[in-house]
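Asks: This is the structure, below, for whatever I ask next.
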Protein chains: 2
Amino acid sequence: MVQRKRVTLRDLAEHLNINTSTVSRALSEKSSEMISPDVVKRVKKAALEMGYKQNAAAYALKMGSTKTIGMIIPDLMNPVFPPIIRGIQSVLDRYGYTAFLAYSENNEITAHTEVERLISRGVDGIIYAAAFRTDSVVDLCKSQGVPLVLVNRVVDQGDVDTVKVDDSLGIKMAVDHLLELGHRKIGFIAGPKNISVSYIRLRAFTQTMAEHDLEVEPHRIVEAHALSEDAGEKAMSVFLGQNSDATAIIASNDLIALGCYTALRQFGYTCPKRLSIVGFNNMPYLDWFATPLTTVSIPHFQMGERSAELLLKRIKSGNLDFNEEVLLKPKLVIRGSTAPVVRRKKKSDAS
Amino acid sequence: MVQRKRVTLRDLAEHLNINTSTVSRALSEKSSEMISPDVVKRVKKAALEMGYKQNAAAYALKMGSTKTIGMIIPDLMNPVFPPIIRGIQSVLDRYGYTAFLAYSENNEITAHTEVERLISRGVDGIIYAAAFRTDSVVDLCKSQGVPLVLVNRVVDQGDVDTVKVDDSLGIKMAVDHLLELGHRKIGFIAGPKNISVSYIRLRAFTQTMAEHDLEVEPHRIVEAHALSEDAGEKAMSVFLGQNSDATAIIASNDLIALGCYTALRQFGYTCPKRLSIVGFNNMPYLDWFATPLTTVSIPHFQMGERSAELLLKRIKSGNLDFNEEVLLKPKLVIRGSTAPVVRRKKKSDAS
DNA sequence: CTGAAAGCGCTAACAA
DNA sequence: TTGTTAGCGCTTTCAG
C-alpha cells in the first residue's frame, strides 16, 4: 500500500491512453469545458481512484503563483493574535490560499529575515502585523514586487495597504470613562515608542487629556520596554514610586495592564479601590479574572478577514502603486478594574 | 525600483558570463568547494547585490522535497496549542523547514480534507494534534508515503510515531490530591469518547478510584460533547442535577473545567467551598482567575519540540516501517479550586 | 475536441 | 574546476 512516488498527470495520461494536456484540461475547472464530457468524466474517475493530487511545486513553477501568503506576527503567545490569524485564514480558505506563519519576536532584524525567507518560498503576498514605525520590510517588499498589507500597525513611510483600528478613538473612550468616574490624576503606561500603536495611543492620551484642560505631567507617563506583562510590571513599579497620588492609569495593552496588577499588589495597593486600570485589546478570559479588566476591545477576527481580503484584491489586480486604508472601530468593555474615584480622607487603604 | 520579476540563477549567470550550474554550485553549501574560491566569492557578491533568492518551487520540483511540513490542530483558539506550535517551529527553524498550519475543528472529515491539501502542497511530513481514536488520516498518510507524527492524541490502529504525555499518571495525581483532601464522592466530566485523551483520562479515573476501593457510580460520570467551555457547562449542569452530594470533580480539560465553574455558579454553589474542581492542561493566565484552577500541567512547548524532532528524523531516514513513542511526564499544579472536604452539618452554603 | 512541444528555475549526472 | 544537458510536473500556445 505504501507508494513512495506520487501519482502524476502523466501516470493518469498513460493509464487512459491520452495526452497529459488533455488530462490537465479535464481536471482544470476553467478549461474542462473544451474537453468532451465523456473524457472529463473518465479522467476525474481515474484521478480519484489512483489518488492523484496536483503537484503544487510544479504548478507554482509553471504559473508563477504559489497560492500561499505569509503572515508575520510578533508572537503567538500573545492571545490577541490567534483570532486575527483565524480571520485571515477564514477568507484565504475560500480562495484556495494557504498561509505560512512567522514571528518577528518584536525585532525588526528578525522580521526582515523572515520576510526574505517567505519571499524565497514564493509567497504571493505578505500580511505583516508587527511593523515598526520605520520598517525596512516595507521597502523590501516594494523592491521585490511582493504585495504587503499591514495589520494593526502603521508605518511612517505611508503608501502601504493597512487595516487598523481607530486607536485614538479607543484611548479617548478609555479617558472619557475614567473622567466620568471622577478621575483627574490619570497616568499612562506606554509601550516602546518605536512601535506605532504605542506611539499613537500615548499621543491620543495626552491629546484627549488636553482637550479636557487636563495637563499631563511628565512623571505621569512611563514607557515600558515591551508590550508584555513583565515590562508592564517594571514600568508600573517606577510609576507608583513617583505617583502616590494618581487614581487611575491606562495601559498601552492588556499584557502591560496585567503587569500593572502585579506591581500594584507589590505596593500593597488594590485595584480598583485605590487605583483604576484600563487595558487595550480585550484578550480572552478577562471575565474570569479576580479583577476583571476594563479594556478597549478591538475586532480581532474581523481585522484578519479584512486584511486578507485586501491582500487578495491587491494580488489579483497586480497593481501595487495604489494603497488603501481600512479603519475599524473599537469598543469599550467596562469591567471591575475601574471604579469611581474615592475622596481619601484619612490614610487610605494602603494596608 | 519595482522589479516584478524575481532574479534567477540564469540572470546571475549571464551577468557574470558563467554557466548556471556553476552559479548553483557556488551558492550551495555542499558543492561550493568544487568551485574556485574566487568564483564563489564573485557569485555570492553578485547574488547579494542583485537580490537573488532561491525559487523554492523550482527547488522542490527538482529535489522532491519542499522543506515544509504540515501541522494540524483542532483549533487555534484553545490556548494549549500556541505553545505546542512554537515548540514545533523552534526546531523546524534550525533545519530550514517551514510549517503550514491547518485546523480539524474537531471534525474528522475536515481533518482528512486538510491533510489532502497539505499533501498536495507537497509537505515532507505531517504533525497531527487532532487525531480521533480511529482516524482515516493515518491510513491516508501511510498510503501516500507521508511521514506522520501524532501529538497528544493516540490512535487505536497502532504503528504510528507518537508524542504524548502520561495522561493516566496525570489523572492519578489529580485523584490522589483530592483523596488527600478527604474527598470521596468524586465525579468526572469527560470529553467525547472518540477522542483518545478523553477516553484515556476517564479510564484512568475509574481505575485509580478502583485501586483505592472507591467504586464510581455511573451517575458520577457525565460526558461533554466537546472539549470546550460550552460543552463543559452543559455537562456540569446535568451532573449537578443528579449529584447533589458530590464534593469534587475532575474535568477532562481546562476549558471544560471553566464551563463547570459557570454551571456551579448557576446552581448557586461556590468553588472550592462547596465543590473542588481539577482541570487538565494548565492553560495560560489561570493564576489570575478569581478561582485559580488546580490542574494537571503538561509540557506543551517540549511536546512540540519532541514531535518535530521525531518527524524530521523520520523524514531523513525515509524509513516509515518503524515507529516510536515519546512519553512525557505531567505535573500537578495546585491552586485555589481545590480544598479539604468539609463535613456539612446543617444546610451547607447553598445560598 | 485533442495532441505535440516548449518552458517555468533549479540541480546533478556526465563531459570536457 | 567548469560547461552541457536533461528533466522534475505542470499549463498553454500552436497545430491538427
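The values are calculated or read from the model by the stated rules, or taken from the named source; none is laboratory data. Everything quoted here is computed from the prediction, not taken from an experiment. For neighbour counting, all protein chains shown are included, and Cβ atoms are generated from backbone atoms with ideal geometry for every residue, glycine included. In case anyone asks, the SASA skips ligands and DNA or RNA and just uses the protein heavy atoms, side chains included. Shrake-Rupley method; radii C 1.70, N 1.55, O 1.52, S 1.80 Å.
Asks: For A:VAL216, are the conditions met, namely being at pLDDT below 95 and either under 29 Å from A:GLU105 (Cβ atoms) or touching a strand residue (DSSP E or B) at 6+ places or on another chain (Cβ under 9 Å) (or both)?
Replies: Yes, satisfied.
Asks: Given (1) of a type in the set (Ser, Thr, Tyr); (2) in a helix (DSSP H, G or I); (3) out of contact with any Gly (no Cβ under 7 Å at 6 or more places or on another chain), identify the lone condition not met by A:SER198.
Replies: Answer for A:SER198: the failing condition is (3).
Asks: If A:VAL115 meets every condition in (1) aliphatic (A, V, I, L, M); (2) under 23 Å from B:GLY87 (Cα atoms); (3) facing another protein chain (nearest Cβ under 10 Å) apart from one, which number is that one?
Replies: Here A:VAL115 clears every test but (3).
Asks: Restricting the search to region A:45-62, which residues are on the phi > 0 side of the Ramachandran plot and surrounded by fewer than 12 Cβ atoms within 10 Å (Cβ to Cβ)?
Replies: none
Asks: Identify the single condition in (1) under 29 Å from B:SER65 (Cβ atoms); (2) open to solvent by 60 Å² or more (accessible area, probe 1.4 Å); (3) within 14 Å of DNA strand C (Cβ to nearest atom) that A:SER65 does not satisfy, given that it satisfies every other one.
Replies: (2)
Asks: Please work out which residue is least open to solvent (accessible area, probe 1.4 Å), limiting yourself to region A:1-39 and to residues that are within 12 Å of DNA strand C (Cβ to nearest atom) and acidic (Asp, Glu).
Replies: Per the criteria, the residue is A:ASP38.
Asks: Now a separate question. Which condition breaks for A:SER24 when tested against (1) within 30 Å of A:ARG314 (Cβ to Cβ); (2) away from DNA strand D (no atom under 16 Å from the Cβ); (3) more than 10 Å from every other protein chain (Cβ to nearest Cβ); (4) in contact with a helix residue (DSSP H, G or I) (Cβ under 8 Å, 6 or more places away or on another chain)?
Replies: In the conditions (1) within 30 Å of A:ARG314 (Cβ to Cβ); (2) away from DNA strand D (no atom under 16 Å from the Cβ); (3) more than 10 Å from every other protein chain (Cβ to nearest Cβ); (4) in contact with a helix residue (DSSP H, G or I) (Cβ under 8 Å, 6 or more places away or on another chain), A:SER24 misses (2) alone.
Asks: So how many residues does region B:77-104 have that are in contact with a strand residue (DSSP E or B) (Cβ under 7 Å, 6 or more places away or on another chain) and either more than 9 Å from chain A (Cβ to nearest Cβ) or farther than 19 Å from B:LYS313 by Cα (or both)?
Replies: Matching residues across region B:77-104 total 10.
Asks: Going through B:ALA235, B:ALA290 one at a time, which residue ends up being within 13 Å of chain A (Cβ to nearest Cβ), in contact with a strand residue (DSSP E or B) (Cβ under 9 Å, 6 or more places away or on another chain) and either more than 16 Å from B:LYS185 (Cβ to Cβ) or aromatic (Phe, Trp, Tyr) (or both)?
Replies: B:ALA290
Asks: Still on this structure, please answer the following. For the structure I just gave you, tell me whether B:ARG42 is in contact (Cβ under 8 Å) with a residue 12 or more places away in the chain, among the charged types (D, E, K, R), open to solvent by 50 Å² or more (accessible area, probe 1.4 Å) and more than 7 Å from DNA strand D (Cβ to nearest atom).
Replies: When the stated conditions are applied, B:ARG42 passes them.
Asks: Kindly indicate which of B:ALA131, B:ALA60 is of a type in the set (Gly, Ala, Ser) and more than 13 Å from chain A (Cβ to nearest Cβ).
Replies: It is B:ALA131.
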